[in-house]
Every structure is written in C-alpha cells, then in structure tokens.
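Accompanying notes for the structure given below.
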Amino acid sequence: FMGLQARLMSQALRKLTGTISKTNTTVVFINQLREKIGVMFGCFSYSTRVTLADGKQMKIGTLVNQRRQVEVLTTDLATGEVVARPVTNWFNNGATSEFLSVRVHKPSGNGRAQFSATPDHQVMTPEGFAPIKELAPGDAVMTAQTLRLSAFQLDVIRGSLLGDGSLGITKKRSSSKGVKFRLGHGIAQTEYLDWKVSLFANIRGNYWVDQGRAAFWDSTPLPELHELRREVYRDGQKEFSDSYLETLSPLALAIWYMDDGGFDLRGVNQDRGRISICVEAMTPPTRERVVGYLRRRHGIETHLAEVSDKAIIRFDQPATERFHELIARSVHPSMSRKLLPRWRGRFDVEPAFVEPRRELVPATIATITPKPAAWGGRRWYRYDIEVDGTHNYLVDGVVVHNSPETTSGGRALKFYASVRIDIRPIEPIKQGDVVIGRRVKVKVVKNKVAPPFRIAEIEILASEGISREGGLIDMGITMGVLDKSGAWINYGKTRIGQGRENAKQFLRDNPDVANEIDAKVRAGSLTVGAESPNGEEA
C-alpha cells in the first residue's frame, strides 16, 4: 500500500492490525515518498535583504510574494566557497510578534550589515550554525566579503607588522570597524616607502605627508585584515605567535630589517659588520620567540639586549653574514647600505596581484535588539526561501541557514520518524590550504529503539564520506587503546603518526593494525555497556 499522507496511513495501519495478525499476512506500508528535504518554520522580516548572485539585494518579502525565479549567493559548506544557486521554494510562514534586529560590523568598513529574524533562526559562526538567541554582541558571524590581497601582499604586511607597519580601525564613522593597513617612514626614506606602496597598486589608499617630516600611506579598509589585527595586538603591543613567525618568508624578514634594523659596517676593508634590530614594540615573550625562531628555522644565533631603554636583538658577525645572505634578494636598492658590500645589488622582487574573489570572513556582532512593534498594532510576517543544494544564503552579506528546522525528508511530519539526527558542522578539515572535508557534531535528538541524546563527533571527507580512521583514533584514545603524547599518537610501543592526519594515513596503509584497534575498541565498548548503572545501554 502507498499513501499520500502520513497521518491517514498511520490510522489505516492501526485499524488493519488485528485482521493482518489473524490472517498471517505481511503488508508493507509506504506512507511517504522521500523526494527532498522539506523546509519549515522560516523566519525573516519582510525588509531583510537577500544577496543575489550579481551582488544586488532584494527584500525577502518581495522575493517570496512574487515568487521570483532568481539565483542567490550561498556557501558550499564542503569547500567553503561562495557560489550562486537558484531559489527552489518560497515560504510565507504567517504572523509573529517577535523579531530580533541584528547589526553586524562589516569587515570592509562600510557601516553595518543588518537583518531581522525570529530568535531561533540560525546564523553561521566560525564554529558552525547557532540560533540568534544564543549569540551576543561581540560574537563573530561569517560574512561573504570581496578579498583583493594576494599571498605576496599578505607576506609584505606580515613583515611590515614586525617593523613600522600597523593595522588600525577606521574612525570616520562610529559604526565602522574596518581595518586599514598603514605604512609610514621619515622623509629621507620616501623612496623606500614609495616602493612598498607600489606593491599594493591594486588597493585604493591615501598617501600623505605630515609637516614635511614623515610620509604615510593608509589602505582602504580590507576584510582580510580583521582577524589578523585581533591576532597581533595585545594591550597596545604587538604579539606574534610561533605559528605567525613560521609563515615569514625572506621578503618579510627583509622588510622587518629595513624598517627597524641598524647595521654597523666594520673592518679595514669594510667587509665585516653587525646587525641590531629594535623590538621594543613587541611584548617581552614575543622577543624571546623571535630569537628562538631565528635559531630554529634559519640557524641564526642572536641575543636580546637593551640600549637606551630600548629592547633590541643583536647579531654577531657570523649571524649577520647568514642573515644578509638570506634576505639579500629582497632588500630594496634604497636600503642597500644595510647590507654587507658583497650582498648588495642582488635585489629581485616582483609584485604579485590577484583578481578579486568572494570568501567567508568573520565579523563582529554590534547589537542584537528586539524589533519594535509594527505601526498601528499590525503583525509582522515571517518569510523564508529554500536554496538548491546548499540550504543557506546571504542576508546583507551574512550567512544564514534556510531554516532552523528541516523535515526528515519528503512530506512526512517530523514526529513520525523513528530516529531523528541533528548534524552540525564544527570546523573544516584542511590539507594545506585545501578544504578536504568537515568535522561535524552528530546528536540523536529522537530514538524510538534506544536511549536518545547521544552525541558524537565525526569527520566527513569529500573523497570517502565518514572517516573510519578518524573515528578509530578518537575512540581509541577515549577507550585507552591508543595513547596520545604531545603530537604523537601511539599504539602500544608503535608510533603510528605525528599529528592526526599522519596517524590516519598509517591506519589506511596498515589495515591489519586498524582492524586490531577496531576490535579492541568494540570489545571495550561492550564492556562499558555491560557495566553501566541501572542496566542501561552505554
């Protein structure tokens, strides 16, 4: 039998149960066709603006009421890319008296993004989707922004931040929280400043001179710099982590040296010398990290000292020679005086630019306030759309979910499902800079055949689905079958890998070991289940 409505077929099943039992008949009931995921309980106000594929915006109320056949910008959660997808369904979900008005600082510096939604609607954060009612001002949400900086330009910025460069918040408008990059040098170093500005020829900026004493260049606010500023600045000083220092190239080190370094040329033949670099703007722990980085990464021995109440890093003659050799090709001719004569004239730096592209960038919530009551006692109506494949879209640039709830498939009511599972993304899994999958949290929110509310974290890889090896590592460590010591994961006396990805690859390459670990994990799980209190399954 096949029915069109789940409720009617359930009633028919109850009425036929006795007859079916007496006649020893087997009847297969199919009470729904699972055509696609259904969307329910949509919840944006009429004036919330949806970002279309061409970058323009349209009020969601207009889009729904006129059933516009349009493409909107959305996020492919598997890759993190911002793509265009068609709207496949439109929903007017009736009236409500409660909306929350949300305002978000735009990383580009152009005021605030804003929208109004019901409290349970979900917005994308760096940790995954979360209901608006669980967020607060200062929390981060994901926004799609146009990025223009190349890897080369970010390298220049990272090196400049070690030296005289800075990242500041725009102050022309109180609602703006955009971050701009500033370069500044004395008038005698104008040629050096002009060269650095030329490396950002594709970025709008403002060049100005302060009373003939110093020259400056400020970039337009750039979304890429929002998180970088939060990472670098601590209580008015610059703090650089080990991971930040590991990203530095010879070009970045050269810019740091040209900005804040001094060179004392010595010897009868002017063929020897010593470097000193000022690090007063860095926190004391950062100064120690820089010394350790130079030793560990480049084999350059240096030490901290204090001159005229300023912290500096000193290089002896062998360290100076090694450092000059490392950076010689990146030192601009206007700064060649800071090199040993034998390393001069080797400058070879070409700027690299990229085409603008859209990517997801965190942005800070400015305010969340109840939306004022409608004029004349009228009620607000709730609107939502369904997007093909991705089930999310952008409202004024902010990534939001189709809806806080979806059906289990087809047109069946959700309370007829025997098992219902809530799956939420936690973080992307990367191999280098490439996203290869996503770590997700799975919660059994309904289960008619076993205790519900169990939670697990799993890895879903684009190439293979759920990662068996990732699950084995997690459960193996939890059950004590595997041991984690620092970055190393060990199985007995066998080191199976340094880092999670290496350990997973070891298990793929050694299926016998993986099966042995699997058997021990399963045996341990059964033992735990048998010993659970009250006879409940673990």
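Side notes on the structure shown:
- Scanning region 459-471 for residues that are under 17 Å from Asp509 (Cα atoms) and out of contact with any Leu (no Cβ under 6 Å at 6 or more places or on another chain) turns up Ser463, Glu464, Arg468, Gly470, Gly471.
- Any hit, region 285-299, residues being in the same structural domain as Gly186 (by TED's automatic domain parsing), exposed (fewer than 13 other Cβ atoms within 10 Å of the Cβ) and closer than 25 Å to Leu193 by Cα: no
- Complete set of residues in region 502-525 that are of a type in the set (Asp, Glu) and loosely packed, with under 15 Cβ neighbours inside 10 Å: Asp509, Asp512, Glu516
- Some residue of region 91-111 being among the polar types (S, T, N, Q), within 27 Å of Gly178 (Cβ to Cβ) and assigned to a strand (DSSP E or B): yes
- Looking across region 188-225, just one residue is among the aliphatic types (A, V, I, L, M), touching a helix residue (DSSP H, G or I) at 6+ places or on another chain (Cβ under 6 Å) and under 16 Å from Ile157 (Cβ atoms), and that is Leu199.
- Within region 374-381, one or more residues are surrounded by 16 or more Cβ atoms within 10 Å (Cβ to Cβ) and assigned to a strand (DSSP E or B).
- Failed item, numbered, when Val232 is tested on (1) modelled with pLDDT of 95 or more; (2) within 26 Å of the chain's Cα centre (by Cα); (3) among the hydrophobic types (A, V, I, L, M, F, W, C): (1)
- Filter result for the condition that a residue is touching a residue at least 60 places away in the same chain (Cβ under 8 Å) and either within 19 Å of Glu427 (Cβ to Cβ) or among the basic types (Lys, Arg) (or both), over Glu501, Glu464: Glu501
- The set of residues in region 332-355 being surrounded by 14 or more Cβ atoms within 10 Å (Cβ to Cβ) and of a type outside the set (D, E, K, R) consists of His332, Ser334, Met335, Ser336, Leu339, Leu340, Trp343, Phe347, Val349, Pro351, Phe353.
- Verdict on Ser485 being free of Cβ contacts under 8 Å to residues at least 60 places away in the same chain and surrounded by 15 or more Cβ atoms within 10 Å (Cβ to Cβ): no
- Once region 286-324 is narrowed to residues that are more than 38 Å from the chain's Cα centre (by Cα) and polar (S, T, N, Q), the residue that is farthest from Lys338 (Cα to Cα) is Ser308.
- Entirely in region 145-252, the strands (runs of 3 or more DSSP E) that have 2 or more residues that are within 24 Å of Pro284 (Cβ to Cβ): 166-169
- Evaluation of Asn490 against (1) part of a helix (DSSP H, G or I); (2) more than 27 Å from the chain's Cα centre (by Cα) (one fails), failing number: (1)
- Among the residues of region 278-293, those identified as part of a helix (DSSP H, G or I) and either more than 28 Å from Gln189 (Cα to Cα) or in contact (Cβ under 8 Å) with a residue 24 or more places away in the chain (or both) are Pro284, Pro285, Thr286, Arg287, Glu288, Arg289, Val290, Gly292, Tyr293.
- Against the test of being in contact with a helix residue (DSSP H, G or I) (Cβ under 8 Å, 6 or more places away or on another chain), farther than 30 Å from Gly55 by Cβ and modelled with pLDDT under 95, the options Arg342, Arg297, Arg322 yield a single qualifying residue, Arg297.
- Among the residues of region 461-488, the ones that are out of contact with any helix residue (DSSP H, G or I) (no Cβ under 8 Å at 6 or more places or on another chain) and modelled with pLDDT of 85 or more come to 6 in all.
- Look at (1) of a type in the set (Val, Ile, Thr); (2) in contact with a His (Cβ under 9 Å, 6 or more places away or on another chain); (3) assigned to a loop (DSSP other than H, G, I, E, B) and you find that Ile275 fails only one, number (3).
The values are calculated or read from the model by the stated rules, or taken from the named source; none is laboratory data. All figures in this text were calculated on a predicted structure; none of them were measured in a lab. We place every Cβ from the backbone using ideal geometry, glycine too, and count neighbours over all the protein chains shown.
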